[in-house]
Amino acid sequence: MKTEALYQKIARTIAEQIQSETLQQGDKLPSIRSAQKLYNVSINTVKLAYLELESHSLIEPRPKSGYFVSQTSQRKLALPSVTRIKATEKKETAQDLVDKVFGTIANEDVTQFALGIPGKNFLPLAKLNKAIIKAVKDRDDSATSYEPVQGSEHLRREIAKWALVLEGKITEEDLVITSGAINAIYNGLMAVTKPGDAVAIETPAYFGVLRAIQLLGLRAIEVPTHPVLGVDLDALKEILPQVAACCFVTNFNNPMGFQMPDENKKELVRLITHYNVPLIEDDIYGNLFFGAERPKPCKYYDEAGLVMWCGSVSKTMAPGYRVGWVAPGQF
């Protein structure tokens, strides 16, 4: 077990005082020198502890005044209620929403929350551009040739090595390169459905999935979804015999933000295996974790090859590259 650093212990102690409201919003913390004497540690240790608390928005520095308990530190928003939409067939029209969202992309006065994309200021643009130029030079004339049907062998090999969370369960031969994750989802739906089929989705769901379902002439069945646990598995069990596929975002869901617990993922895989229903798993946000360990996707628990694991570099590198992939299992 990893030993907790001294600055982390101090930060945890202060955080607990804030959460218990021993320290109130607006209260001033001891100065760095006072805290050094109080905890009998170095000044650097206190600075690290305060930086840790500041990174979690628990405290805030004020010029020439010191550190204070943040005004947002004790503001706890209520969880959204579990969606109670009846799990019946419903035709979705997503085009108006899609047009509205993409129509604002060029507007610099709009802060984008509808699209899961990093701000340009966070991207190392110079390094990314330099890497692209180097890659093109290294490939010589092969960069203008057709790739294998599954996509670049080198890229597939690197993705397989990078997918440590699957612990060697996939190789380059198990992957297909796509034009972003939504293309992977679209191809997955095409592979396992036909026009008129029903697809189980979370509610609310990412509008791109609704659009793909609409374009393919499919029908969406919305499943009640918990803001912490994810899809209601009891409700899903009732409709699985009616659907041709499921399409879920299991890690850091868009738009609800939940991370489905491992036990729920195991049960979800057990259910789809029992009913022989493929799951298109959009794991595009899985690498945006800030804990000690990257959360596992449902694909990790899949022994029957029913989970189609989709990902891309849109959220971790740059959305404009349009590089995605799918491990389609038996499909």
| said: When you scan the range 157-165, do you find a residue that is in contact with an Asp or Glu (Cβ under 9 Å, 6 or more places away or on another chain) and modelled with pLDDT of 95 or more, even just one? | reply: no
| field | Residue check, Pro61 modelled with pLDDT of 90 or more, part of a loop (DSSP other than H, G, I, E, B) and assigned by TED's automatic domain parsing to the domain that holds Ala15 | value | no
| message | Looking only at residues that are part of a strand (DSSP E or B) and in contact (Cβ under 8 Å) with a residue 40 or more places away in the chain in the range 273-297, which one is nearest to the chain's Cα centre (by Cα)? | response | Asp282
| field | Criterion: touching a helix residue (DSSP H, G or I) at 6+ places or on another chain (Cβ under 7 Å), within 26 Å of Ala292 (Cβ to Cβ) and hydrophobic (A, V, I, L, M, F, W, C) - qualifying residue of Ile43, Ile32, Ile18, Ile14 | value | Ile14
| task | Residues being within 15 Å of the chain's Cα centre (by Cα) and of a type outside the set (Lys, Arg): count how many of those fall in the range 298-319. | result | 11
| Do you know which residues across the range 316-331 are closer than 16 Å to Ser179 by Cβ, in contact (Cβ under 8 Å) with a residue 40 or more places away in the chain, of a type outside the set (Gly, Ala, Ser) and in contact with a helix residue (DSSP H, G or I) (Cβ under 9 Å, 6 or more places away or on another chain)? | Met317, Arg322, Val323, Trp325, Val326, Pro328
| note | Of (1) within 20 Å of Pro80 (Cβ to Cβ); (2) at pLDDT below 95; (3) buried (at least 16 other Cβ atoms within 10 Å of the Cβ), Gln214 fails just (1)
| field | Sole residue being loosely packed, with under 15 Cβ neighbours inside 10 Å and under 12 Å from Cys298 (Cα atoms), chosen from Asp234, Asp262 | value | Asp262
| message | I'm trying to understand the selection: among the residues of the range 194-232, which are without any contact (Cβ under 8 Å) to a residue 40 or more places away in the chain and of a type in the set (Val, Ile, Thr)? | response | Val231
| task | Return the residue satisfying two criteria in turn: it lies in the range 196-211 and is under 13 Å from Ile185 (Cα atoms) and at pLDDT 95 or above, and of such residues it is nearest to the chain's Cα centre (by Cα). | result | Ile201
| request: Spot the failing condition for Ser142; the list is (1) assigned to a helix (DSSP H, G or I); (2) among the hydroxyl-bearing types (Ser, Thr, Tyr); (3) modelled with pLDDT of 70 or more, and only one is missed. | output: (3)
| query | Just checking, how many residues over the range 13-31 are surrounded by fewer than 16 Cβ atoms within 10 Å (Cβ to Cβ) and either touching a residue at least 24 places away in the same chain (Cβ under 8 Å) or of a type in the set (A, V, I, L, M, F, W, C) (or both)? | reply | 8
| Unmet criterion (only one of (1) surrounded by 10 or more Cβ atoms within 10 Å (Cβ to Cβ); (2) in a helix (DSSP H, G or I)) for Gln112 | (2)
| query | Considering only strands (runs of 3 or more DSSP E) fully contained in the range 145-228, which possess at least 2 residues that are of a type outside the set (A, V, I, L, M, F, W, C) and over 28 Å from Leu79 (Cβ atoms)? | reply | none
| note | Flagged pairs (Cβ under 6 angstrom, 6 or more apart or on separate chains; first in the range 298-315, more than 23 Å from Leu123 (Cβ to Cβ) and at pLDDT 95 or above; second in a loop (DSSP other than H, G, I, E, B) and of a type in the set (S, T, N, Q)) are Cys298/Thr250; Gly305/Gln330
| Output for the range 298-331, where each listed residue is assigned to a loop (DSSP other than H, G, I, E, B) and closer than 26 Å to Ala106 by Cα | Val313, Ser314, Lys315, Thr316, Met317, Ala318, Arg322, Val323
| task | Could you please find all residues in the range 237-256 being assigned to a loop (DSSP other than H, G, I, E, B) and either on the phi > 0 side of the Ramachandran plot or buried (at least 22 other Cβ atoms within 10 Å of the Cβ) (or both)? | result | Val243, Val249, Thr250, Asn251, Phe252, Asn253
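The values are calculated or read from the model by the stated rules, or taken from the named source; none is laboratory data. Note that the structure is a prediction, hence the values are computed from the model and not measured. Neighbour counts run over all protein chains shown; Cβ positions are idealised from the backbone, glycine included.
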